[in-house]
Amino acid sequence: MNIVTPRLRLRFWQDADRVAFAAMNADFEVMADSGGLIDVSESDVKFHRYAAALHECGFGRWLVETHDGNFVGYTGVLKVHRPNHPLGELFEIGWRLIRTAWGKGYATEAANAALEDAFTHIRLQEVLAYTAPENARSRAVMERLALKTDSSRDLTAQYDNRVWHGLVWCARP
């Protein structure tokens, strides 16, 4: 199953995608707002988790590529059910793109398609997104997606001995 937009294709992960995914996770600028670089072994764990979620649930983080097959990054909705997550169990949309794909509207186009799939195919009633206040690029995507801020759910969390503050945004069908 693929989701096709005017310029992009969202598809299931294939083993051959692992190298491009790891390269994106090792790019300092790409990872600057995401807690830092991810080494190859951590990237492989995440790769397997994303691939498995799509195959098992029919939704999750989709690989995003151009129509001619060039890797762009990922987007999609995940079910978050970590016991210590400040917001509890939720469905969260996220995205990450390679640097050369920035500024082209790909994140908005792909995330919009993933949200549409979550609301029509999966029939979710709410999807959250969150980002650090200083992450202007993600906040701009959230605004273009017409997500609404929900300051009552803004969060503070502890990750690897550092405190992280997040602004919460909400999407509904």
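The values are calculated or read from the model by the stated rules, or taken from the named source; none is laboratory data. None of the values given here were measured: they were computed from a predicted structure. Glycine also receives a Cβ, built like all others from the backbone with ideal geometry; neighbour counts cover every protein chain displayed.
For the reader, a short list of remarks on this structure follows.
- Scope segment 81-118; condition over 16 Å from residue 54 (Cβ atoms), part of a strand (DSSP E or B) and without any contact (Cβ under 8 Å) to a residue 60 or more places away in the chain; matching residues: 90
- Check on residue 163, aliphatic (A, V, I, L, M) and either in a helix (DSSP H, G or I) or within 14 Å of the chain's Cα centre (by Cα) (or both): no
- Cβ-Cβ under 8 Å pairs, at least 6 apart or on other chains, segment 46-59 side at negative phi and touching a residue at least 12 places away in the same chain (Cβ under 8 Å), far side acidic (Asp, Glu) and part of a helix (DSSP H, G or I): 47/17; 59/117
- All conditions but one from (1) modelled with pLDDT of 95 or more; (2) assigned to a helix (DSSP H, G or I) apply to residue 138; the one that does not is (1).
- So residue 124, is it surrounded by 13 or more Cβ atoms within 10 Å (Cβ to Cβ), in a loop (DSSP other than H, G, I, E, B) and not β-branched (Val, Ile, Thr): yes
- Options 10, 97, 115: the member that is within 16 Å of the chain's Cα centre (by Cα), at pLDDT 95 or above and more than 23 Å from residue 132 (Cβ to Cβ): 10
- Only one of 3, 38 that is surrounded by 18 or more Cβ atoms within 10 Å (Cβ to Cβ) and farther than 24 Å from residue 166 by Cβ: 3
- Checking 78, 63 one by one, the residue that is surrounded by 18 or more Cβ atoms within 10 Å (Cβ to Cβ) and at pLDDT below 90 is 78 and no other.
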